[in-house]
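Trainee: What follows is a structure written as structure tokens; I'll ask about it next.
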């Protein structure tokens, strides 16, 4: 099969916006401070390319809002005051979720996507919305 020339690079970051992702991995790990942590690998299709975004969820009290957003985004019904379980994050592999992506400048790697926040499962849509300052709504 011939390889066709293209000026597009698949490693450019996604534009800021909301996207539907597949959770490819939710791997247990340890943070630099030796706290329990999950490395989350998310993927989506954009302009014909499979794009990956990585996130890290540290399982400590200070990260409770992020953990809550994440488990709600994969459809787990958790309310304020419920005990959060590591198994909920670990079992998210293969599920879909929606999240808002932003772009941050990394001194070592340049522009990188980061998860700004996760969106509750009942608020998901099937189409991503991309922030486009040139787009005028009519």
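Trainee: Can you compute the modelled spin-label distance between residue 27 and residue 112, with each label point 7 Å from Cα toward Cβ, in nm?
Mentor: Here the answer is 1.5 nm between the modelled labels.
Trainee: A further question on this structure: Where does each of 57-63, 108-114, 17-23 land if you order them by average Cβ count within 10 Å, highest first?
Mentor: 17-23, 57-63, 108-114
Trainee: What is the spin-label model distance, in nm, from residue 34 to residue 91 if the labels are put 7 Å beyond Cα along the C-beta direction?
Mentor: 3.0 nm
Trainee: Related question: Sorted by packing (mean other beta-carbon atoms within 10 Å per residue), highest first, where do 25-36, 68-79 land?
Mentor: Peptide ranking by packing, descending: 68-79, 25-36.
Any read-out appearing in this document is the output of simple, stated calculations on the displayed coordinates, not a laboratory observation. Note that the coordinates shown come from a computational prediction; the quantities given were computed from them, not determined experimentally. Quick reminder, even Gly has a Cβ in these numbers, built from the backbone with ideal geometry, and neighbours come from all protein chains shown.
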